[in-house]
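This report refers to the structure that appears directly beneath it.
All of the numbers you see were taken from the coordinates with simple rules; none came from a lab. All values reported here derive from a predicted model rather than from experimental measurement. We place every Cβ from the backbone using ideal geometry, glycine too, and count neighbours over all the protein chains shown.
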Amino acid sequence: MTLPTQNVTHDIVAKLWNLCNVLKDDGVTYHQYVTELTYLLFLKMAKETDTESQLPKGYRWDDLETKSAPERLGFYKLLLIHLGENGSLLTREIFANASSFIKKPTTLSILVTEIDKLDWYNARKEGMGDLYEGLLEKNANEKKSGAGQYFTPRPLIDSMVAMMKPSLEDTVQDPAAGTGGFLIAANRHIRENSDPTRGRSRSSGKYRHKTFMGWNLCRIRTVWR
């Protein structure tokens, strides 16, 4: 029997979080778990979603996977540096100043093997952002990580957006955007109650370029979907 996509996503989050035990055994701290997994997930999902054109040739998931176990870790650390300076703007931003705290080649090999086994086809139907949010929630719920103060649960976000009722006439700003949860929820509410992309109207232009703004880590970003 095929599981609903939401259950598939939750199952993948649980399996990814179990990999944190592998990282922990290699000396990776709670604060570093999500970062370490994010780099690998970005590479894997670029392949799964046919967006590897954003990555330089020779520095993609298959290139990492086909390396022998002893040389994979060294190649991976060079890959992180290379992607911080090459590829699309999005790629360079994600991997800017990237580094890995993994020390053992076997640790990286286990991560690569287990990530490759997961059911990405069904999970991506729901949205890959849910995986990242799920990892953050797991991290926030881990008492030793001390990350709870930085994570706002989705039900609370949805409740706040429902009360505020953002519309096309509003400008939605989040001064501590994090992963953009509030902006995404506000965008979903607007799209469910109007058609902001129809035609070339003034509202359409505002929606695409001036409706959503988020600040995080001293960087200003404009987000629209």
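Its Cα centre serving as origin, segment 28-101 has a Cβ charge dipole (Lys and Arg +1, Asp and Glu -1) of approximately 120 debye.
Using the Cβ-Cβ distance between K15 and T106 with R0 set to 22 Å, the FRET efficiency works out to roughly 0.75.
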